[in-house]
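Please read the structure below before turning to the comments.
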Amino acid sequence: MVDPPSANRIATPAATHTMILADWRQRVDNALEHALDHRTLPASRLQASMRHAALLGGKRMRPLLVYATGDLLDADIAALDAPATAIELIHAYSLVHDDLPAMDDDALRRGQPTVHVAFDEATAILAGDALQSLAFQQLAEAPLPADARIAMVRELATASGAAGMCGGQAFDIDATGRGSDISLGELERLHALKTGALLRCAVRLGAIAGNADRDAHIALDRYAEALGLAFQIRDDLLDIEGDSATLGKTAGKDLAQNKATFPALLGVEASRAKLGELADIMRAALVPFGDRGDLLAALARQVVERDR
């Protein structure tokens, strides 16, 4: 069962949440820098392209979810560094390949030229491949018990493969040009795989590190599934309402490509209402954890309220 809130745990003010999240963001940035350093990888055009993909900014939402979930379960922070780094490397690889001309054909990512623009298409493909391999190397070499490492490798492989992110991207390609000619169930399934699987995996990696019991896993999955859908709905709304300078990527691409999105299917106001419903689901999922869920709740608010 989920443990009751600890009487010794004092509620943390929002300003402290911000500081903790900033510290974790710096922690994973340092870990990424080490993983991609020339002393770790041979200095080359490939290494430079991998660094371009992974180190030039980003919200670090997935690593923060690893740290926040592990913290909720009192995991040793050193046990969270490898899974936090691994999942961000997978995310970086997916963006490199997403931006390729054969996929979304984007020239801007995080306010910088995309990897295939800054380097070339062949290097971008290799950079994505190498980032993916490096992610699993991080888990294989993590200072964790063997059973935890195997469980993490299984979770990350499932979430990033055909049964997860890659499968969702394939559905997205098939749905491009269909606009609102897709059911709500199909759209939710598409994004549960393309976006939601990796976000849920981040929470699960933290849960594995923290030796979560069955009830905690169920509650955290409920939170993560709502978070993944909320993340995508907000992304879809920002594509309409945001601008390229703020977003750090090309705005309006979904509309231009007649992509299947929540605003296209439901309308803007109904999409906002759906976002509110998902925020309520996330809050309810964290209730059993009491104050220990505050940092996951703060990340949920960031997802719902973000402007990029």
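Read the figures in this text as sums done on the coordinates, not as results from a lab. Quantities reported herein were computed from a predicted structural model and do not represent experimental measurements. No Cβ is skipped: glycine too gets one built from the backbone with ideal geometry, and neighbour counts run over all protein chains shown.
One residue alone among Leu41, Leu56 is among the aliphatic types (A, V, I, L, M), surrounded by fewer than 18 Cβ atoms within 10 Å (Cβ to Cβ), out of contact with any helix residue (DSSP H, G or I) (no Cβ under 6 Å at 6 or more places or on another chain) and farther than 30 Å from Phe289 by Cβ, and that residue is Leu56.
Scanning segment 168-188 for residues that are surrounded by fewer than 17 Cβ atoms within 10 Å (Cβ to Cβ) and among the small types (Gly, Ala, Ser), we see that the one that is nearest to Cys201 (Cα to Cα) is Ala170.
If I filter segment 120-130 down to residues being under 26 Å from Asp174 (Cα atoms) and among the hydrophobic types (A, V, I, L, M, F, W, C), which single residue comes out as surrounded by the fewest Cβ atoms within 10 Å (Cβ to Cβ)? Ranking the qualifying residues of segment 120-130, first place goes to Ala122. Beta carbons closer than 8 Å, at least 6 apart along the sequence or on distinct chains, pair a first residue in segment 218-231 that is closer than 16 Å to Asp280 by Cβ with a second that is among the aromatic types (Phe, Trp, Tyr) for Ala219/Phe289.
One residue alone among Ala82, Ala48 is over 30 Å from Asn211 (Cβ atoms) and either acidic (Asp, Glu) or in contact (Cβ under 8 Å) with a residue 60 or more places away in the chain (or both), and that residue is Ala48.
Taking the criterion of being crowded, with 17+ Cβ neighbours inside 10 Å and basic (Lys, Arg), the only residue of segment 275-300 that qualifies is Arg292. Here segment 61-119 is the region considered, the condition is being at positive phi and not basic (Lys, Arg), and the residue that is surrounded by the fewest Cβ atoms within 10 Å (Cβ to Cβ) is Asp74.
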